[in-house]
Structure formats: C-alpha cells, structure tokens
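Peer 1: This is the structure I want to talk about, given as structure tokens.
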Ligand code: PFF
C-alpha cells in the first residue's frame, strides 16, 4: 500500500491545524460581527459556544480523520461503509468551495493595503480619508478582481506542491510574530483617548441586545474560527501519526483562537470608539480602523506593513486548508494529478468568487434576501452550512463509531482520563445536536 504523507511532528500538525483555524475569522470577521451584534454579549456567547460545541466538535473531526487516515470523503466511507454518510465529506467540499470564493475577496483586500502601504500612498491621512481611499479601491472592479486572483494564485501554488513542507516551518515563526504585533497594537489601542468605551463595548455584556440572530451568528462565528463542520480537520488529522495527543492539540488550538479573538477585539473596539467610527460598519470595519491605529504609532507604516504580511500569511494558511480538502479528495488515487487539480479547482473558485468581489462596487445593488452576493455567501456558509456540517458530524460520531474505539483513539499519545472522555462524548452525543438544532429552529421562528 502507498505510504500516506504525514506531518513531520506534532508541532507541524498543530501549526497547520492552527493555521487553518486562525485567519480572517478571528481577525476580520469577529470584530465586524461582534460590532453588528452589540459587542460584549456576543463575545461571551461566542466563547461559550467555542467551549461547549467548537472544542468537542474539533476533537470529533480529529478522531474521524485519524481513525480513517483518509481524505474527507473516504474517511466516512471507511467508517460507515455502504452508507450515504460520505455526503458529509462532499458537503464539506462544497462549503469549502463557497467559503474560499469570498474569503479570497478579503484576502485581496489585505493585498490592496499592502501595495498601498508599500507605495507610500497611506501616509498622513485622517481616519475618514483612510475609509474613503479604501472604499474607492474596493469598488474598482479591475482592482478587486485582480487582488482576489492574486490571493487565490498564492493558495494554488502552495497546495499544488503538497500540504506540509514549508508551511509548517514558516508558521512556527509567523504565528508568534503575529501574536506579538497584535499585543503592540492592543497596547496602542487601549491607551488611546476615549478607548474605555470600546473596552466596555467588548467586555461588558448587554443582554438586552441578544436576539435569535445574535445567538446563531455567535455559533456560526465559533465554527468559522475553528474551521469546524467542513471536514477540513478530518483531512488534516488524517496525516497525523498515531502516537500524538488529539485532545492536547485541540485544546491548544482553541486556546490560541480565543486569545487572538480577544486581541483582535481589544485592538479594534477601543480604536473604533476613540476615532468615533461606527462599530456596526460591517465587513469593512477592520480595514477602516487598522491604518488609523497604526498611524498613531511611531514608525507606524512599517509596523502596518509587517502586520499586513503576517495577516496575509494567516489568511493564506486558512485558504490552503480549504483548497486542500477539495484537492485531496479529487486527486485521490492519482497523486500525480494533484497539481492539475489544484489549478483547475482554484481557477473555478476564483471565477465563482468574482461576483462576491464585485459586491462592493458594480454589483452592490444586486441583492437577494436583502443581502449582497458577498454577504449571502458569507452568511450561508457561516450560519447555514457550517452549523449543518457540525450537526451531522455530532450525529455521525456516536452513531457510526464505537465508543471503545473512540476512547482508544483519543487516549493514544495522551493521558485522556475516562471522566473527560465521558464528558466529551456526552457533549457530542446530546448537547451538540440539541443545541445546534435549537439555535437553528429558533432563528426560523419555529418556537
Ligand atoms: N478558520 C478560518 C478562519 O477563521 O479564518 C476559516 C475556515 C477555514 C473555516 C477552513 C472553515 C474551514 F474549513
């Protein structure tokens, strides 16, 4: 039998899985969604969902992947032969396809700022001018499509070459550097005049602002940031050797994610309030606020450029995982075709993403259910497809995998105590499906 590729170390796996998790979700999506949903209460519900649902589901995906040691579709076929459960993998591929189609638009926005900052076009503007320059740029059809293409091109090049090498090593330096820069940013933001209101906005929950929509979006946000519900983590953990601890990996990924979400919130909201910007500005929020905070730092533009590079890297490592899950399924059995498939799939995603890229310009008036094409793609992935994938995974695991087999898988390479295992199993078997369904029904107004 052909030897499957494996991560070169546990650290390699954690870095790649954390690379998939940490990306635009925590840094771009969290601030704007929290901003639209009243701040503190959203943040708190997000943390609760991450711990009660996200962490157990991440562990569930890890168990599926390492048990089956195969791609997102074959893993389900191996564990539940002769059933239709492999559709869960196919749904994951479709979700990933749509996800990357709009994710690349935001990846492109980072590239726009990078080019502008390097060209010196951003020096000495006021916060309003930053917003205007940015708004004008993303509404330009040629520019927005071009940068989206560049982002996808970088993703294709890496995935075509194969998953591990290089990404692992680069992550080991880039991720800690991103954390450090974020801490600098937070220090600057919280010491701005008038920042206290922003800190309160994030950390002081106001439950009167909570609606069914807030709860659904907090749940979607927690799945989005952990890359859960797509079977991406099934794919990544299938490359992991048996002697590594899955629970420890899951906990460190969740911990890092919560930390970066907190840093993003503490960098953005104090600045939003201090500069008198609108927290509910939507997807452009981060991009309107960032240059203004950096402009308040000595050597601000250099810090900004470094930040953008690290941010781009974080977004790319997430994008790799989206393309990887699709390519690993369709190039299965013909590994020499991997390169062609990566290109073909990547180009198809780019084409599908063009209407999203144009949503901030020529197609801004085209709406469905009151949402632009970009918003619709973002909303349907975060609040429909991810919860659906997560729901099905929480049904699949207790139904199709033996409890003893799961325990054996999870305790390999770790001292996973029986009591903790039982708690995890309870959360997956009962809490996850009931809670996800309740939140989804609630939004539909069923009760
Ligand atoms: N977790 C990524 C982020 O927060 O940017 C987004 C993501 C990647 C979601 C891969 C789902 C996925 F399968």
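The values are calculated or read from the model by the stated rules, or taken from the named source; none is laboratory data. The structure displayed is predicted, hence computed values, not measured ones. Cβ: placed from backbone, ideal geometry, glycine included. Neighbour counts: every protein chain shown.
Peer 1: Quick one: how many residues across segment 242-256 are within 16 Å of the ligand (Cβ to nearest atom) and either in contact (Cβ under 8 Å) with a residue 12 or more places away in the chain or in contact with a strand residue (DSSP E or B) (Cβ under 9 Å, 6 or more places away or on another chain) (or both)?
Peer 2: Qualifying residue count, segment 242-256: 6.
Peer 1: Next up: Within the group 259, 207, which residue is surrounded by fewer than 24 Cβ atoms within 10 Å (Cβ to Cβ) and within 15 Å of the ligand (Cβ to nearest atom)?
Peer 2: So the residue among 259, 207 that is surrounded by fewer than 24 Cβ atoms within 10 Å (Cβ to Cβ) and within 15 Å of the ligand (Cβ to nearest atom) is 259.
Peer 1: Ok, one more. Quick check: anything in segment 62-70 within 16 Å of the ligand (Cβ to nearest atom), touching a helix residue (DSSP H, G or I) at 6+ places or on another chain (Cβ under 9 Å) and assigned to a loop (DSSP other than H, G, I, E, B)?
Peer 2: no
Peer 1: Every residue in segment 13-39 that is more than 16 Å from the ligand (Cβ to nearest atom), crowded, with 22+ Cβ neighbours inside 10 Å and either part of a helix (DSSP H, G or I) or free of Cβ contacts under 8 Å to residues at least 24 places away in the same chain (or both), please.
Peer 2: 35
Peer 1: Is it the case that segment 225-241 has a residue that's more than 16 Å from the ligand (Cβ to nearest atom) and over 22 Å from residue 54 (Cβ atoms)?
Peer 2: Checked against the condition, which is being more than 16 Å from the ligand (Cβ to nearest atom) and over 22 Å from residue 54 (Cβ atoms), segment 225-241 yields at least one hit.
Peer 1: OK, next. Limited to segment 415-447, what total is found for residues that are touching a helix residue (DSSP H, G or I) at 6+ places or on another chain (Cβ under 8 Å) and either assigned to a helix (DSSP H, G or I) or surrounded by 15 or more Cβ atoms within 10 Å (Cβ to Cβ) (or both)?
Peer 2: Final tally of qualifying residues: 19.
Peer 1: If residue 332 satisfies every condition in (1) in contact with a helix residue (DSSP H, G or I) (Cβ under 7 Å, 6 or more places away or on another chain); (2) closer than 21 Å to residue 151 by Cβ; (3) outside any helix (DSSP H, G or I) but one, which is the exception?
Peer 2: With respect to (1) in contact with a helix residue (DSSP H, G or I) (Cβ under 7 Å, 6 or more places away or on another chain); (2) closer than 21 Å to residue 151 by Cβ; (3) outside any helix (DSSP H, G or I), residue 332 is out only on (2).
Peer 1: Looking only at segment 342-353, which residues are surrounded by 18 or more Cβ atoms within 10 Å (Cβ to Cβ) and modelled with pLDDT of 95 or more?
Peer 2: Listed by number, the residues that qualify are 345, 346, 349, 350, 353.
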